[in-house]
Amino acid sequence: MKITHAKLLPYDLKLKKPFRTAHGTTHFRPITLIALSSDDEQWGYGELEAFAQPTYTPETQETARLVICRYLLPLLEGQELNCPEDVSKLFTVVQGNQMAKAALETAVWDLFAKHAQKNLSRLLSEHSQLSCRQSILVGISIGAQSNASKMISEITAAVEKGYQRIKLKITSTTEIEAFSRVRPLFPKIQFILDANSSFTLKNTAQLKKLEKIKLAMIEQPLDATDFTAHAELQKQIHVPICLDENIFSLDDVRTAYQLRSAQAINLKLSRVGGLANALQIIRFCNNHGLLVWCGGMLEGGIGRATNLALASLESLPFPGDISASDRYYQKDIIEEQFSLKNGKLTIPTDNGIGVTLKKNIQKRLLKQPNILKDTP
Ligand code: OSB
Ligand code: MG
């Protein structure tokens, strides 16, 4: 298959509710939709997941679009692709820029699956030789709450919707103390605390208090690039540490494993450059006893459908950060609604990622110029 058509559509999604983390508060979520085709008939879709600002990862929507148009699409253009895994190999000459790479790579997977008239979940299962499931338990990530009563009402609302695994953002030791009082009120719920790099080793004593409450893990307590400090902390606390911000590649996972910086990995396929790299990371984690699970970063409908296909793999049994559609946007970009039943989401079964762009979005996207032909 040769990619001959590429279209981009930047799009702003409005969150139903602001989402606060240690990195700031998000009201709007910009994404860029990517459409790729080899024949101008069948299209594969991807979503660029960088944020507006380089606060969570170094890429932004603008820098990633520039890298896509100036460096990545020229590498892809006209190349004979025998399988979707060829894409990440072609892209190795470009350093970093994982989200830019993932946006194109996932669109190619979708296109391959559609050409083969297969669902992406099945295609990933065949390529990885891992079984896939038809429905999966998922969790919800709740923004930071400044006090115990706000935590209780947000957690209660999530439990009433059926979520059995809840991740709560925390930004300070005061919030940890508040959560320690809230935790016993929800004995059956599995909790993760996500600090998004709020702490340093100076907070070790306060973090050690978390051993007294039941926690599945603490996510990214320390600096986003620091493997050795996380290893030092993991030596001192029994709560499993999960790395998120540190993980851009299989090499990063190897480093975390060698240094014992963490016991779990929050795998974001967009941050590791796409699905082929994600599959390699899953294999490594499975072989080395690291818990790996599918993270999210407030994806739009296309990105969430891609995450669902990945999370359908049986080797990711821990409930991922892929919530029901009603948790995210006032207006999403796809027709389908993902709704929760007994804490589970059903994996779409149609070809490719198995979802359809809303008519107006599809029209706007297809009206965009073909970057591979129309620009000088
Ligand atoms: O740290 O996991 C994170 C969202 C944006 C950026 C970083 C993170 C998150 C989430 C949300 O926790 C997970 C979701 O998409 O539901
Ligand atoms: Mg996180």
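Choose one of Ile140, Leu267, Leu279: the residue whose Cα lies farthest towards the positive end of the charge dipole of segment 125-346 (beta-carbon charges +1 Lys, Arg; -1 Asp, Glu; about the Cα centre).
The residue sitting farthest along the positive end of the dipole is Ile140.
So, with a 1.4 angstrom probe, what is the percent of accessible area on the chain that is carbon and sulfur? Let's see the in-between values first.
Numbers: 7750 of 15640 Å².
C and S fraction of accessible area: 50 percent.
What do you get for the angle between helix 227-236 and the principal long axis of the chain? Use alpha-carbon atoms, 0 to 90 degrees, nearest ten.
In the chain, helix 227-236 runs at an angle near 30 degrees to the longest axis.
Give me, ordered by chain and number, the residues 5 or more places off Ser135 or on other chains with an amide H under 5 Å from its own placed amide H.
Correct list: Ile347.
In whole Å, what is the distance between the alpha-carbon centres of segment 10-60 and segment 313-356?
Distance between centres, Cα-based: 17 Å.
For Ile371, Ile302, what's the largest-to-smallest order of accessible area, 1.4 Å probe?
If we order Ile371, Ile302 from most to least accessible, we get Ile371, Ile302.
For every other residue with a beta carbon closer than 13 angstrom to the beta carbon of Thr174, add +1 if it is Lys or Arg and -1 if Asp or Glu, then tell me the sum.
Details: positive: Lys150, Arg181, Lys209; negative: Glu175, Glu177.
Taking every Cβ under 13 Å from that of Thr174, the sum is +1.
Quick one: what are the phi-derived ³J(HN,Hα) couplings along segment 209-214, Karplus 6.51/-1.76/1.60 with θ = phi - 60°, whole Hz, x for glycine and proline?
The phi angles translate into 5, 5, 4, 7, 10, 7 Hz.
Enumerate the amide H contacts of Lys167 below 5 Å, restricted to partners 5 or more residues apart or on another chain; note that Pro and chain-start residues carry no placed amide H.
Amide H to amide H, under 5 Å and 5 or more residues apart or across chains, Lys167 pairs with Ile140, Ser141, Ile142, Ile192.
Would you kindly derive the ³J(HN,Hα) couplings of segment 187-194 from the backbone phi angles with the Karplus curve 6.51 cos²θ - 1.76 cosθ + 1.60 (θ = phi - 60°), listing them in order in whole Hz, with x for Gly and Pro?
Each residue of segment 187-194 in turn: x, 8, 8, 8, 10, 10, 9, 10 Hz.
How many Å² of accessible area per residue for segment 207-290, probe 1.4 Å? Please list the in-between numbers first.
Working: 3270 Å² over 84 residues.
Averaged over the residues of segment 207-290, the accessible area is 39 Å².
Return the sequence-ordered ³J(HN,Hα) values of segment 258-267 in whole Hz as given by the Karplus equation 6.51 cos²θ - 1.76 cosθ + 1.60 applied to θ = phi - 60°, using x for Gly and Pro.
Along segment 258-267, the couplings run 4, 8, 6, 6, 7, 10, 9, 10, 8, 8 Hz.
Per-residue ellipticity at 222 nm for the chain, helices alone: DSSP H runs ≥ 4 residues times -39500 (n - 2.57), over residue total, nearest 500 deg cm²/dmol?
On the way: 13 runs with 127 residues, N = 376.
Calculated from helices alone, the mean residue ellipticity at 222 nm is -10000 deg cm²/dmol.
At 1.4 Å probe radius, can you tell me the per residue accessible area of segment 108-150 in Å²?
Ligands and nucleic acids excluded, the figure is 42 Å² per residue.
Do the alpha carbons of any pairs in Lys114/Lys373; Lys167/Lys367; Lys169/Lys341; Lys101/Lys367 sit beyond 29 Å of each other, and which pairs?
Details: Lys114/Lys373 23 Å; Lys167/Lys367 40 Å; Lys169/Lys341 24 Å; Lys101/Lys367 23 Å.
In this structure, Lys167/Lys367 exceed 29 Å between Cα atoms.
If you line up the long axis of helix 275-288 against the longest principal axis of the chain, both from Cα atoms, how many degrees apart are they, to the nearest 10?
40
Beyond 18 Å between alpha-carbons counts as too far, so tell me which of Lys17/Lys161; Lys16/Lys363; Lys161/Lys209 fall in that bin. The partial results should precede the final answer.
Working: Lys17/Lys161 16 Å; Lys16/Lys363 25 Å; Lys161/Lys209 30 Å.
Over 18 Å Cα-Cα: Lys16/Lys363; Lys161/Lys209.
In degrees, nearest 10, range 0 to 90: what is the angle between the Cα axis of helix 98-115 and the longest Cα principal axis of the chain?
Taking the Cα atoms of the chain, the angle to 98-115 is about 60 degrees.
Long-range amide H contacts for Gly320: which residues qualify at under 5 Å (H placed 1.01 Å from N, peptide plane, sequence gap of 5 or more or a different chain)?
Gly139, Cys294
If Lys and Arg each add +1 and Asp and Glu each add -1, what is the summed charge of the other residues whose beta carbon sits under 10 Å from the beta carbon of Gly162? Display every interim value, and only then the final one.
Values: positive: Lys161, Lys341, Lys344; negative: Glu160.
That sum, taken over residues with Cβ under 10 Å, equals +2.
The values are calculated or read from the model by the stated rules, or taken from the named source; none is laboratory data. Since we're looking at a predicted model, the values are computed, not measured. Cβ: placed from backbone, ideal geometry, glycine included. Neighbour counts: every protein chain shown. Side chains included, ligands, DNA and RNA excluded: accessible areas come from the protein's heavy atoms. Shrake-Rupley method; radii C 1.70, N 1.55, O 1.52, S 1.80 Å.
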